[in-house]
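We did not get these values from a lab; they are worked out from the coordinates using the rules stated. Since the structure is predicted, the reported quantities are computational estimates derived from the model, not experimental observations. Neighbour counts run over all protein chains shown; Cβ positions are idealised from the backbone, glycine included.
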Amino acid sequence: MNTYHETLNYIRSLGKYSNPPHTDLSKIKYLCNLFDNPQDGCKTIHIAGTNGKGSTAAMLFNILKELGYKTGKFISPYIENFNERISTGKGDISEEDIVYYANKIKKTLDENNVLWGFMPNEFDFVTLMAFLYYRGKGCEIAVIETGLGGRLDPTNVIKSPLASVITQVGLDHMQILGDTVEKIALEKCGIIKEKSPVVLYPLNSENVIDAVKNTACEKNCEFIMPDVKFLKITEENIDFTQFEYKNKTYKTKLPGRHQVYNALTVIETAEHLFAEQGLCSRRVQEIYNAIYAGIEKTFFPARFEILSKEPLVIFDGAHNISGVTALKEAIKNLLPDKKIILICGMMRDKNPGELIKIIAGENFAERFIAVPVENPRAEQPRILCEIAQKYCRICEYRRDLNDLTRVFENIAGDHAAVCFGSLYLAGDIKKLCNYRINI
């Protein structure tokens, strides 16, 4: 493979799922062993959960950078560019390095005549590439986000993380992970390793909390969860939220109260590792300064991202029950005086009937516009529109996403357009919005 685009085409040709499906981690362990186990090349913080993984990973990554660590970050999926998935403190992986490491992996697979059943799928391949890249760049600590679930996720080849972090757990990928939050939580708990501390997002259901606590106990792990009675939100708007936690002040530019709770999870993780476990030799005040700066500097795309202020256009990748619930609460808190236009594109396997009911119910939106998503799993805009007609007086659909340029041009000052339903929409919506702003 000579070019970046040839390399991406090859990686995508590997398919999203293993065939036959693996019921353990034997395949990824075998693949990593071919490269002398690069996953063991640096310390890790491992993150699983239904929602909030990316924001949590980004905050922890920035805190580590503030403390001077050579650090890496692995996230899934990307929003606009494949390179976003693998990064270090110096930025996203370059196109040249993607080509280099992909060729390195492919050559080794060919030389070892890897059997068909042990050939990597797309996520196996990218995970292996990330581990090799971090080792090659001399990373000291990598923040690793699972792709799906936890127990059988390829990232779970990690042996003993500095901490296992579990964010909000809800119903998603039920055909793979289970049909109850308890079953899904147990899959996420698969990342918990013997004697590694476990940090849990504080607003999970009691069933999730019990599942994580019990697993932590079985694995002889310290269990840590933020205590929300020490939280006080002091200022909140679409640009930032300022809050106090345990008598210390913090600020996040990630809108929505759910992001404050993600920040609490990050604070507890960082303080435990750096202040209590002594992983960092800095003074307490220096650690607080790094935590404050790391959280305050964090930006994560497609999470209540403001694409334009005049007119007000927001994109949020909410695509499951927990996500759309948090999005609706954020809109209520941050845009109380705005009339809402919901713009929705969604996968048919995400239970669009339930999600649209949650966010559009109670006459929440003045207008609902369904749009197409470039994905074979996408639901037809016409069907999304029919669902929304039960909850919203003005409903329409577009066969061509480019038609939204006219919508953006005609948004009144007392309105806000909120695009949601699938992260696959993010890049195209951003391009359309930027075009509208720049013409």
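Structure notes:
- The range 139-235: GluC sites (Glu not before Pro) in DSSP loop, at most 16 other beta carbons within 10 Å: GLU140, GLU194, GLU222
- Estimated 222 nm signal from helices in the chain, with DSSP H stretches of n ≥ 4 weighted -39500 (n - 2.57), rounded to 500: -11500 deg cm²/dmol
- Candidates HIS46, PRO154, ALA318 compared by Cα position along the dipole of the chain: farthest toward the positive end lies HIS46, with charges placed on Cβ.
- Among GLY49, GLY149, GLY41, the largest mean-square fluctuation in a Gaussian network model of the chain, built with springs joining Cα atoms closer than 10 Å, belongs to GLY41.
- Percentage, to the nearest whole number, of Cα pairs in the range 1-97 over 15 Å apart: 73
- Dividing the C-alpha radius of gyration of the range 234-384 by 2.2 N^0.38 Å, with N its residue count, gives 1.25.
- Under the convention that each Lys and Arg Cβ holds +1 and each Asp and Glu Cβ holds -1, the size of the dipole of the range 305-438 around its Cα centre is about 120 debye.
- Zero-based 10 Å bins, Cα pair distances in the range 55-210, whole percents: 10, 35, 35, 17, 2, 0
- The charge dipole of the range 1-155, taken about the Cα centre with unit charges on the Cβ atoms of Lys, Arg (+1) and Asp, Glu (-1), comes to about 260 debye, rounded to the nearest 20.
- Total charge dipole magnitude, the chain, about the Cα centre, Cβ charges on Lys, Arg, Asp, Glu only, Debye to nearest 20: 200
- Residues whose amide H lies under 5 Å from that of LEU307, counting only those 5 or more places away or on a different chain, are VAL313, ILE314, PHE315; hydrogens are built 1.01 Å from N in the peptide plane.
- Least to most buried among SER205, SER13 (fewest other Cβ within 10 Å first): SER13, SER205
- Sites listed here are GluC sites (Glu not before Pro) in the range 352-416 whose DSSP assignment is loop and whose Cβ has at most 10 other Cβ atoms within 10 Å: GLU362.
- The trypsin sites (Lys or Arg not before Pro) of the range 301-405 meeting both criteria, a DSSP state outside H, G, I, E and B (loop) and at most 12 other C-beta atoms within 10 angstrom of the site's C-beta, are LYS309, ARG377, LYS390, ARG393, ARG399.
- Each part reduced to its alpha carbon centroid, the range 4-65 and the range 189-225 end up 22 Å apart.
- Distance distribution P(r), the range 98-188, all Cα-Cα pairs, bin width 10 angstrom from 0: 14, 38, 32, 16, 1 percent.
- Among GLY413, HIS272, PRO372 the positive-end extreme of the charge dipole of the chain (Cβ point charges): HIS272
- Sequence-ordered 3J(HN,Hα) estimates for the range 336-348 from the Karplus curve with 6.51, -1.76 and 1.60 and θ = phi - 60° stand at x, 9, 9, 8, 9, 10, 8, 10, 10, x, 8, 7, 5 Hz, glycine and proline given as x.
- Springs between Cα atoms under 10 Å define the GNM used for the chain, and in it the highest mean-square fluctuation of PRO381, PRO202, PRO21 occurs at PRO21.
- Relative contact order computed over the range 4-296 (Cα-Cα under 8 Å; 6+ residues apart), in percent: 22
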